[in-house]
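Notes to accompany the following structure.
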Amino acid sequence: MASVPPLDMTLDELRDAIAPFLGSHAAFDGWSERAIAMAAAELGVPAERGRIAFPDGPVQMIDAWFDWVDRHMLAAFPPERIDGLKIRERINALLTHRLETLRPHKEALRRAMAVLAMPQNALAAGRLAWRSADRIWRLAGDTATDYNHYTKRTILIGVYGSTTLVFLDDESEDMAATRAFLARRIDDVMRFEKAKARFTRGTTHRPSLSRFLGRLRYPRADAIKVAKRSRY
């Protein structure tokens, strides 16, 4: 199926098409209208139409760029590539690929993080971090629907965030320092998950503290009846 010519794209399609080019220009011009204009020019699209595709400014630009990084990662790991890997290997491979994609664009990433660190962008920053963590876990095969669904993603956000800080200052060959740091963090997480699993199994048949406290506050009906009879 032939791709849609840029001038015939909808704004959503155009935003996705411009996104891969934003990083190389945001590194020099920041997350600005000029960066949009330069990226749009690479597609042969007028600057004004490019700007219309990003009416909400820098955060929307960063959103589209991060979305492209995620989609690039998803496309690089079809089921046959990831099925034979252990969970820790899957997470390591996915995060490493994401950082390798960003390696030519460290300055753009640094500027993006500065924008998202602004108080008014806190909710957007959290949403983008959660989206990426959720996509990584889903691609890794996670199907949890209980509280583990949330703890896994929260922990992964912390791992990726701390690794990104190392990555931005990493000048070692082939990101050796970043790879080593990431491997240690993932090992820490795996040890935590094993300890959590042992604790969960150990508490399966223990009395429920919340149920006990609930009974203290709301006595069972038969206990209430006994209390009433004792008055007469």
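Report the residue count in region 162-191 for those that are assigned to a loop (DSSP other than H, G, I, E, B) and either touching a Leu at 6+ places or on another chain (Cβ under 6 Å) or surrounded by 14 or more Cβ atoms within 10 Å (Cβ to Cβ) (or both).
1
Counting only residues that are farther than 15 Å from I52 by Cβ and aliphatic (A, V, I, L, M), which one in region 1-18 is surrounded by the most Cβ atoms within 10 Å (Cβ to Cβ)?
Filtering region 1-18 for residues that are farther than 15 Å from I52 by Cβ and aliphatic (A, V, I, L, M), the one surrounded by the most Cβ atoms within 10 Å (Cβ to Cβ) comes out as V4.
I need a count of the residues in region 34-58 that are buried (at least 21 other Cβ atoms within 10 Å of the Cβ), of a type in the set (V, I, T) and part of a helix (DSSP H, G or I).
Matching residues across region 34-58 total 1.
Pick from R49, R71, R81, R90: which is free of Cβ contacts under 8 Å to residues at least 60 places away in the same chain, of a type in the set (K, R) and more than 28 Å from T154 (Cα to Cα)?
Step by step, each of R49, R71, R81, R90 is checked, and only R49 is free of Cβ contacts under 8 Å to residues at least 60 places away in the same chain, of a type in the set (K, R) and more than 28 Å from T154 (Cα to Cα).
For region 122-154, give me the residue count where each residue is surrounded by fewer than 17 Cβ atoms within 10 Å (Cβ to Cβ) and of a type in the set (A, V, I, L, M, F, W, C).
4
Each value in this text was obtained by applying a stated rule to the coordinates, not by laboratory testing. What you are looking at is a predicted structure, and each value in this text was computed from that prediction instead of being measured. Cβ atoms come from the backbone with ideal geometry, glycine included; neighbour counts cover every protein chain shown.
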